[in-house]
Amino acid sequence: MGIAVVQRRRRLATSSTPVHAHAPTGQPGLAWDGWREFKVVQRSFEDPARTQCSFHLQPLDGHALPAFRPGQFLTISLDVANGTTDARTITRCYSLSDGPDPARYRLTVKRVPAPHDLPEVLPGLSSNHLHDHVRVGDVLRAKAPSGRFYIDPDESVPAVLVGGGIGITPMMSMLSWCLANQPRREVRLYYGLRNGDEHAFKARLEELAASHPALSLHVVYSRPAPTDVQGRDYQHVGHVDVELLRRTLPHGRHQFYVCGPPAMMQSLVPALAAWGVPVADIRYEAFGPASVKLPGAQAAPVAGDAGVEVRFQRSGRTLSWDGRDASLLDFAERHGIVVESGCRSGGCGSCQTRVLEGSVRYEHEPDHDVAPGHCLLCVGQPEASVVLEA
Ligand SMILES: Cc1cc2nc3c(=O)[nH]c(=O)nc-3n(C[C@H](O)[C@H](O)[C@H](O)COP(=O)(O)OP(=O)(O)OC[C@H]3O[C@@H](n4cnc5c(N)ncnc54)[C@H](O)[C@@H]3O)c2cc1C
């Protein structure tokens, strides 16, 4: 089972204006309900270490794909069999890593190893399955693009895209879309990574920077290898932090889009707010466990252990909520209750469960539109005793 941690993704502000994607071929199609089948038509590694692999997907039904908002993700379902576990179906989210195209989607997946301190634990199920077993010609199931982390289509506002590690994927989508549709919009990409071995999309980014004067590229290596050359492979040493942004950004309003590992999210997002960037101009998404706290943000009170009971009706279990878990999903998993989940951040709706009695609270309103009478386990906590259908 996946790691029992909570990921939080908070939208500070988004635009409700739909993106008008001028895709290169045909007309964009309509979004779909439920699962749709896609054939993998191409696979390619994006980094020299071959830990980040792109999968190009074409719909089996041959119909045009909807023009998603650049920054959104796909929820995919995979049947995985792992040496020590029986075959099972898992759900995960992956950002679309290229601009909208009615003919195909691209996802880029980083292989996730077992944690260094827990070698007995299995490596990441989905990412390793995709890398090791999913080949050209194979079929994957995906839900329609979703998520509220996407670029504001107002081209008068310069965009500052900050991607850390595999957090570069939504930035590639935003960047491709901006350069194709808003070539005069100022876009700055800050890409933080360890060294040249992990440098994904290098040739593509350099080509885009060379051909688009409105794009400025800042590649930041934290631990350059002896073979990496500053000025050729990367521009800065260290991390993408407010100091670097202060030094390199011109004065004026910018909209910041941040996606990266927990350390980046937890330091950079509050630092931007502390620097004076209005919260409406800071948008972020975490792929992993990242609980971002902004100055002045009010933490929702957590139900303690004062007699709060959680009943999982289908599983026939009634358990005491002791406040140790960040979410009902973590709580269920800790007690061996199997529930479906995907993004673990309130975005994909995979863990949506009917609330039969009582109510569930959220620290931040989930991005996914929760159906009436239901809750999202991955970001929910019981308000008082509650009966859930799961
Ligand atoms: C909106 C969104 C967009 C995303 N976009 C991308 C993207 O573009 N590219 C990308 O690569 N990823 C992306 N992700 C992350 C992706 O969804 C998966 O979380 C990631 O691939 C890991 O999934 P996995 O199944 O491989 O690992 P999991 O099986 O979920 O395991 C994760 C980690 O937990 C460890 N673990 C497992 N069991 C235990 C245990 N009992 N105790 C301790 N540790 C344990 C595993 O070894 C592994 O290190 C995105 C996530 C979200 C929410």
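The values are calculated or read from the model by the stated rules, or taken from the named source; none is laboratory data. In this text, all values refer to a predicted model and were calculated from it rather than measured experimentally. Cβ sites come from the backbone with ideal geometry, for glycine too, and all protein chains shown count toward neighbours. Just the protein is used for accessible areas: all its heavy atoms, side chains included, with ligands, DNA and RNA removed. Shrake-Rupley method; radii C 1.70, N 1.55, O 1.52, S 1.80 Å.
Annotations
- Pick from segment 147-164, criterion touching a helix residue (DSSP H, G or I) at 6+ places or on another chain (Cβ under 7 Å) and of a type outside the set (Val, Ile, Thr), ranking: farthest from Ile282 (Cα to Cα): Gly164
- The residues in segment 210-252 that are part of a helix (DSSP H, G or I) and hydroxyl-bearing (Ser, Thr, Tyr) can be counted, and the count is 2.
- Evaluated against (1) in a strand (DSSP E or B); (2) open to solvent by 20 Å² or more (accessible area, probe 1.4 Å); (3) out of contact with any helix residue (DSSP H, G or I) (no Cβ under 7 Å at 6 or more places or on another chain); (4) within 9 Å of the ligand (Cβ to nearest atom), Leu107 falls short on exactly one condition, (2).
- Looking only at segment 117-145, and only at residues there that are out of contact with any strand residue (DSSP E or B) (no Cβ under 7 Å at 6 or more places or on another chain) and not in a loop (DSSP other than H, G, I, E, B), the one that is farthest from Val258 (Cα to Cα): His133
- Restricting segment 154-170 to residues that are open to solvent by 30 Å² or more (accessible area, probe 1.4 Å) and either over 13 Å from Ser97 (Cα atoms) or of a type in the set (Asp, Glu) (or both), the residue that is farthest from the ligand (Cβ to nearest atom) is Ser156.
Yes or no, residue by residue, for (1) at pLDDT 95 or above; (2) crowded, with 17+ Cβ neighbours inside 10 Å; (3) basic (Lys, Arg); (4) out of contact with any strand residue (DSSP E or B) (no Cβ under 7 Å at 6 or more places or on another chain):
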position	(1), (2), (3), (4)
Glu243	yes, no, no, yes
Arg246	yes, no, yes, yes
Val258	yes, yes, no, no
Ala274	yes, no, no, yes
Asp281	yes, yes, no, no
Glu285	no, yes, no, no
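- Any hit, segment 62-74, residues being under 18 Å from Val134 (Cα atoms), at pLDDT 95 or above and either in contact with a strand residue (DSSP E or B) (Cβ under 6 Å, 6 or more places away or on another chain) or buried (at least 20 other Cβ atoms within 10 Å of the Cβ) (or both): yes
- Subset tally (residues that are in a loop (DSSP other than H, G, I, E, B), at pLDDT 90 or above and either of a type outside the set (D, E, K, R) or open to solvent by less than 80 Å² (accessible area, probe 1.4 Å) (or both)) for segment 296-321: 5
- Here Asp79 clears all of (1) buried (at least 18 other Cβ atoms within 10 Å of the Cβ); (2) in a strand (DSSP E or B); (3) more than 9 Å from the ligand (Cβ to nearest atom) except the condition numbered (1).
- Screening Asn181 on (1) open to solvent by less than 10 Å² (accessible area, probe 1.4 Å); (2) more than 14 Å from the ligand (Cβ to nearest atom) shows it passes everything except condition (1).
- Flag for Gly26 being modelled with pLDDT under 95 and within 16 Å of the ligand (Cβ to nearest atom): no
- When Arg92 is tested against (1) open to solvent by less than 50 Å² (accessible area, probe 1.4 Å); (2) within 11 Å of the ligand (Cβ to nearest atom); (3) farther than 24 Å from Arg194 by Cα, exactly one condition is not met: (1).
- Tally of residues being in a loop (DSSP other than H, G, I, E, B) and over 20 Å from the mean Cα position of the chain (by Cα) across segment 35-52: 3
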